[in-house]
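J.: I have a structure here, written as structure tokens, and I will follow up with some questions on it.
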Amino acid sequence: MNPPLLIRASVLNPVDADHWVFHRDGGLLIQNGRVLRVGAISEFQDHPASALLELDSLLIPGLVDVHIHWVQHHVRGRFRSDLMAWLREHIWPEEQNFDNTLFARRLARAFFQDTLRAGTTLGMAYSSPHTEALRVAADEVVGDWVLGNSIMEKAAPEPLCDASPDNADQVAGLLKTLGRERYAITPRFALNCSAELMRGLGDLARQEKALVQTHLSESLNEVREIREAFPEARDYTDVYDRAGLLGPRSVLGHCIHLSPREHRTLAQRGAWIAHCPSSNEALDSGRMDLQAVRRHGIRYALASDVGAGPSHSMLHVMQRYLAQHRNAGVQVSTREALYRATLAGAECLGRNDRAGNFAPGKHADFVELPRPGDDAEPEHWFENLLTGEARDLERRPLRTWIQGNPVDAATAESA
Ligand code: GUN
Ligand code: ZN
């Protein structure tokens, strides 16, 4: 057993959507990669003279991104158009490159380095359909990531459909190999899958209590195409519901153009929304109706949705989340932004026993940020920390720690 380490720094600890605890002169006691205790530094005076590390920074828990496409990392934010045209013209051609394992390995390394540099320590990511690229990414993971290869049976370029699993048994094999902590069942979206295939995936998800990730109601053109492809369904949400794909471990990206009936269904199933404000802005998809989501009590966490999202920085996602809803006259606080980018994400991924804030026993995964001035109010100061261009925000963290060990973020970033 290693001796405990007491870190003296400012600490911001999210509690829920309305509360955080701020210690300007705080202490974080860690041992063997776990949090023992957090509080004001004065509360640690009785502590035996263990190793003390004084940092001129502020600590927040590791950031959590519940919806990102690692295979789109190096084409992120490059294109702006309607979702369906963007997928067909830019994204699907790019994803075909992931049949090359060397290419996949190089990009997986860059992805995990860059997300860590930006302070993300936990997330769930879409792979291309290729099983080998998925394995390579699983091999290269730094931090705590759930991965799923996009299942695409139709309505996409042949090489992607050919590379994709096309039945639930194949997906069950991957789930078994990687384990349900590491693998998410990932029907890309209903336009790429038949009702029958989705039913098989829904059954598997229920039997194995597996995480499910997919896209729901992102663009109006997509919703129109869904209506034509699934005339028997009441609406887009019903397509997934009939397949048994909606449950408390389902994470649905976007959820913008939903009716009250669809909101009710999501709430009843306990499903999560991956709210992707920067992506929604970039593709001009629309604003998620936050008031309706709140009214229905639907759970949600923030996500970058790179590559439609222009940046993997969750600080940037928080910035766009606050700006977008405030511009529409909806109240959102910095406290809620931090909660949605940390603890809510950990809850969404079933990891709140080990991630999301500094509760004792959790992994000591955290991010060092520039320290607030002595007179700064935490709200005001945190809001200031979120200003700037995406590229600045990707580099704002001073250092990221994983299980009590600092990772040299400055050198970690890929070219
Ligand atoms: N819908 C289906 N595939 C995708 C994707 O790769 N990105 C986004 N933003 N939406 C999708
Ligand atoms: Zn997406």
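J.: Could you please find all residues in region 8-36 being out of contact with any Asp or Glu (no Cβ under 8 Å at 6 or more places or on another chain), assigned to a strand (DSSP E or B) and in contact (Cβ under 8 Å) with a residue 40 or more places away in the chain? Reasoning before the result, please.
T.: Looking only at region 8-36, we keep the residues that are out of contact with any Asp or Glu (no Cβ under 8 Å at 6 or more places or on another chain), and these are 11-16, 19-23, 25-26, 28-36.
Keeping just the survivors that are assigned to a strand (DSSP E or B) gives 11-14, 20-23, 25-26, 28-31, 34-36.
The answer is V11, L12, N13, P14, W20, F22, L28, I30, Q31, R34, V35, L36.
J.: Right, next: Pick out the one residue from L252, L258 that is surrounded by 24 or more Cβ atoms within 10 Å (Cβ to Cβ), part of a loop (DSSP other than H, G, I, E, B), within 16 Å of ligand 1 (Cβ to nearest atom) and not small (G, A, S).
T.: When all the criteria are applied, what remains is L258.
J.: Let me ask something additional. If I ask for residues that are in contact (Cβ under 8 Å) with a residue 40 or more places away in the chain and either part of a loop (DSSP other than H, G, I, E, B) or buried (at least 20 other Cβ atoms within 10 Å of the Cβ) (or both), which ones from region 224-248 would you list?
T.: F230, Y236, V239, Y240, A243, G244, L245, G247
J.: Among the residues of region 261-289, which ones are away from ligand 1 (no atom under 13 Å from the Cβ), assigned to a helix (DSSP H, G or I) and either crowded, with 21+ Cβ neighbours inside 10 Å or not assigned by TED's automatic domain parsing to the domain that holds R340 (or both)?
T.: Hits for region 261-289 are E262, T265, L266.
J.: Under the condition of being free of Cβ contacts under 8 Å to residues at least 60 places away in the same chain and within 16 Å of ligand 1 (Cβ to nearest atom), which residue from region 195-216 is nearest to C255 (Cα to Cα)?
T.: Taking the candidates together, the pick is L216.
J.: Okay, next question. Given the residues A85, A155, A138, which is the only one that is touching a strand residue (DSSP E or B) at 6+ places or on another chain (Cβ under 9 Å) and assigned by TED's automatic domain parsing to the domain that holds L220?
T.: Numbers: A85 fails: touching a strand residue (DSSP E or B) at 6+ places or on another chain (Cβ under 9 Å); A155 fails: touching a strand residue (DSSP E or B) at 6+ places or on another chain (Cβ under 9 Å).
Only one candidate passes the filter, namely A138.
J.: Of the residues A184, A172, which is out of contact with any Phe, Trp or Tyr (no Cβ under 6 Å at 6 or more places or on another chain), assigned to a helix (DSSP H, G or I) and surrounded by 15 or more Cβ atoms within 10 Å (Cβ to Cβ)?
T.: A172 is the lone residue from the list that is out of contact with any Phe, Trp or Tyr (no Cβ under 6 Å at 6 or more places or on another chain), assigned to a helix (DSSP H, G or I) and surrounded by 15 or more Cβ atoms within 10 Å (Cβ to Cβ).
J.: While we're on this one: Can you name the condition, by its number, that S250 falls short on among (1) among the small types (G, A, S); (2) within 16 Å of ligand 2 (Cβ to nearest atom); (3) over 13 Å from R206 (Cα atoms)?
T.: (3)
J.: A follow-up question, please. Looking at (1) in contact (Cβ under 8 Å) with a residue 60 or more places away in the chain; (2) under 20 Å from I68 (Cβ atoms), can you tell me which one N221 breaks?
T.: Here N221 clears every test but (2).
J.: Moving on to the next point. Restricting attention to region 359-404, which residues are farther than 24 Å from G77 by Cβ, assigned to a loop (DSSP other than H, G, I, E, B) and without any contact (Cβ under 8 Å) to a residue 60 or more places away in the chain?
T.: Result: G373, D375, A376, E377.
The values are calculated or read from the model by the stated rules, or taken from the named source; none is laboratory data. Keep in mind it's a predicted model, so treat the numbers as computed, not measured. Using ideal geometry, Cβ is built from the backbone for each residue, glycine included, and neighbour counts are taken over all protein chains shown.
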